[in-house]
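Note sheet for the following structure.
Nothing in this text is a laboratory measurement; each read-out follows from the coordinates by a stated rule. Worth saying up front: this structure is predicted, and the values here are computed from it rather than measured. So basically every Cβ, Gly included, is an ideal-geometry build from the backbone, and we count neighbours across all protein chains shown.
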Amino acid sequence: MIYLVRHAHAGPKQAWSGPDSRRPLSIHGEQEAAGLLIQLHQEPIARIVSSPALRCQQTVWPLARQRRLAVELDRRLDVDATAAQAAAMLLEPGVGNAVLCTHGELIGQLLGRLRQAGSPIATDATWPKGSTWVLDPAADQITRATYLPPLRRAH
């Protein structure tokens, strides 16, 4: 399985004066990141890969700490990556049981691309901040896709 996570809530872009890549999670975002611990608690996770953006890294840090896994950074999950790059990553041999944390812009394009390739993803699929898509890859396509809404947990 692949767990495609949209980064948790970060403060508004307009209210952040630094580089967008350094924009941190808000308090709500920290609660959504903690919610991943509950949502994925029984899932076999072997890798955690994140966009280099701080808000993506912060989203998966609690899970990485809990699982004693390093967070790998990969530009194919960055906000300006292409859906083709991300799709190729999803279908790489050996990527299974990985959490991949990225941005809404990329997830929207990626889900559309996967749907066009025959994956069972509805045209009205959503991907709000802190949500997860559980994707089951087989050969060169995604054969099952399950949506998990964001879950906020006080930490």
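Some observations on this one:
- For the chain, with +1 on Lys and Arg beta carbons and -1 on Asp and Glu, the positive-most of Ala64, Leu90, Ser131 along the dipole: Ala64
- Helix axis angle, 27-39 relative to the chain longest principal axis, alpha carbon, degrees: 40
- Residue-count net charge about Asp80 - beta-carbon cut-off 11 Å; Lys, Arg +1, Asp, Glu -1: -1
- Cut-off under 5 Å, modelled amide H: who pairs with Ser26 long-range: Ala10, Gly11
- Cα long-axis angle, helix 104-116 against the chain (0 to 90 degrees, to the nearest 10): 10
- From most to least packed by mean Cβ count within 10 Å, the peptides 116-122, 56-62 give 56-62, 116-122.
- Placed amide H near Leu73: partners under 5 Å, 5+ positions off or other chain: Ser50
- Counted by neighbouring Cβ atoms within 10 Å, the residues Lys13, Lys129 run from fewest to most as Lys13, Lys129.
- Peptide packing for 67-73, 100-106, 86-92 was compared via the average number of neighbouring C-beta atoms within 10 Å per residue; ordered from the highest value, the list is 100-106, 86-92, 67-73.
- Dipole magnitude (debye, nearest 20) for segment 33-95, charges at Cβ of Lys, Arg, Asp, Glu: 240
- Here's the picture: a label point sits 7 Å out from the Cα of Asp80 along the beta-carbon direction, and within segment 1-35 the residues with their amide nitrogen under 16 Å of it are 19-23.
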